[in-house]
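Read through the structure below, which is laid out as structure tokens, and then see the notes.
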Amino acid sequence: MRYALLLCAGAGTRSGLPANKLLYKIRGKAVAEYALDNFAAARDNGVIDEIILIHSEADRAEMETIAARYGALTHTGGPTRPESVRRGLRFLRERGAKGADVVLICDGARPNTPPSLIAACAAAARRSGGAVAAYPVADTLRAVENGVFTRGVPRENTYAVQTPQAFRFDEIWESYEKLPETAAKPDAPNFTDNGNVHAAANFTDDGGNIHAAANFTDDGGTVHAAANFTDDGGVHAATGFRAELVIGSPDNYKITLPEDLKRFEREIEQSSLPVSQSPLAVSQTPTELLNSQFSILTSHFPRVGVGSDTHRLVSGRPLILGGVRIPHDKGLLGHSDADALIHAVMDALLSAAGLRDVGFYFPDNDPKYKGADSLKLLAEARAKIEQAGFRTVNVSAVISAESPRLSPYIDDMRARLADVLGIPQNRVGLTAKTGEGLGFIGRKEGVAATACATVVHLHSSPASHCEERTQ
């Protein structure tokens, strides 16, 4: 099972509103409903199974009404965020959550969380035990003491931490059960919403860099004792567990201050305007205006790429397709493991993102890639398209082979591709064909694969790419 705990129990005092900011309505919908839109889309697409909205006792009636419209469960949280998480986890345990079940812990005050990011975090947690969404810091960083700049802070390997944060249930349960009860009390220092820098001795980024041990910081950058955490990833790491970095989105900001609420309200209002009424510069010429409008529209369009690969069948080599080793008397000849299916998928993804081909990034004359596992190369290709600002939506491929019969291995191939790409398995389509005795395929001389991939820009509308439903 995969659960999402949507935390909506805070008072939101910094927003400047007299009531919970998540109940503030924009165009007739509460902020919490915009967040639920994204998680409901992920649930309906098979990414998660249940949504649990954690609310305060004061907001119970309104939150239960909202949750009912989305088919979400509800549970009463505590006076602090960590106590709300602890109560949510106990509620899940009572419902039978255990072991390798995945729990996503999410801020209800992040109404722009892309369903694709929810899927990526869930997949990474299944793979690694923990996953934390974070986005690379782009601005110059300076430390301040007593209102005066003191020193520069390196941006390298520095990330602004977001939610979702996803974990195996047994790991996050153990982490919170070991957390001292006093750390979840309202007067515990620096136990706040998600901070910009979390991590401990065991939180590493994709490059394997281990961050400073036992240094947990709040939004102001003050270092506190190891018992004081700013997010669930810190609690998880302090227990000795590791979490995988998942690249988040700059649009996945948290509504905390009045300016944040105004920003989101402005985005909602502008998204409802025809392009002709969008707030473009009045000094633009008709041609510039048309180009600007076209850019606004196409930046949200899906992009499609096509890739193909062919390898010769030879004796003395293993046959690997889609990361699955298939029993056969011959295998594919190549510099790496010669997985024609994965290479075709990689080319399709790279092409969709406007990047170069597989041979450019992973040349067959580089000893580094001799015998390389193509699933690991696919993970590198995924990182490249995400660095270019894109995220995978779906992949479809055709494998052509006269023998062996591939249909028994298709589901395993789909699962492995989906896991590496961070997408649901129902977004990977694979078809196996024969050559009907014709050509090099029909003569059993080789295997060919053709793939098509769809990617979307990281800044695209959060719910627009999860419209399909699980059959």
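Can you find even one residue in the range 431-441 that is in contact with a Phe, Trp or Tyr (Cβ under 8 Å, 6 or more places away or on another chain) and not charged (D, E, K, R)?
No, the range 431-441 contains no residue that is in contact with a Phe, Trp or Tyr (Cβ under 8 Å, 6 or more places away or on another chain) and not charged (D, E, K, R).
Looking only at the range 21-61, count every residue that is crowded, with 24+ Cβ neighbours inside 10 Å and not aromatic (Phe, Trp, Tyr) and tell me the total.
13
Looking at the range 76-96, which of its residues are surrounded by fewer than 20 Cβ atoms within 10 Å (Cβ to Cβ) and over 17 Å from residue 230 (Cα atoms)?
76, 87, 90, 91, 93, 94, 95, 96
Give me a count of the residues in the range 27-51 that are in contact (Cβ under 8 Å) with a residue 40 or more places away in the chain and basic (Lys, Arg).
Qualifying residue count, the range 27-51: 1.
Going residue by residue through the range 402-412, is there one that turns out to be assigned to a strand (DSSP E or B) and either more than 15 Å from residue 123 (Cα to Cα) or modelled with pLDDT of 95 or more (or both)?
Taking every residue of the range 402-412 in turn, none turns out to be assigned to a strand (DSSP E or B) and either more than 15 Å from residue 123 (Cα to Cα) or modelled with pLDDT of 95 or more (or both).
To keep it simple, each residue is scored yes or no on (1) buried (at least 24 other Cβ atoms within 10 Å of the Cβ); (2) touching a Pro at 6+ places or on another chain (Cβ under 8 Å).
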residue: 351; (1), (2): no, no
residue: 365; (1), (2): no, no
residue: 368; (1), (2): no, no
residue: 374; (1), (2): yes, no
residue: 377; (1), (2): no, no
residue: 383; (1), (2): no, no
residue: 386; (1), (2): no, no
residue: 391; (1), (2): yes, yes
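The values are calculated or read from the model by the stated rules, or taken from the named source; none is laboratory data. Source: prediction; values computed, not measured. So basically every Cβ, Gly included, is an ideal-geometry build from the backbone, and we count neighbours across all protein chains shown.
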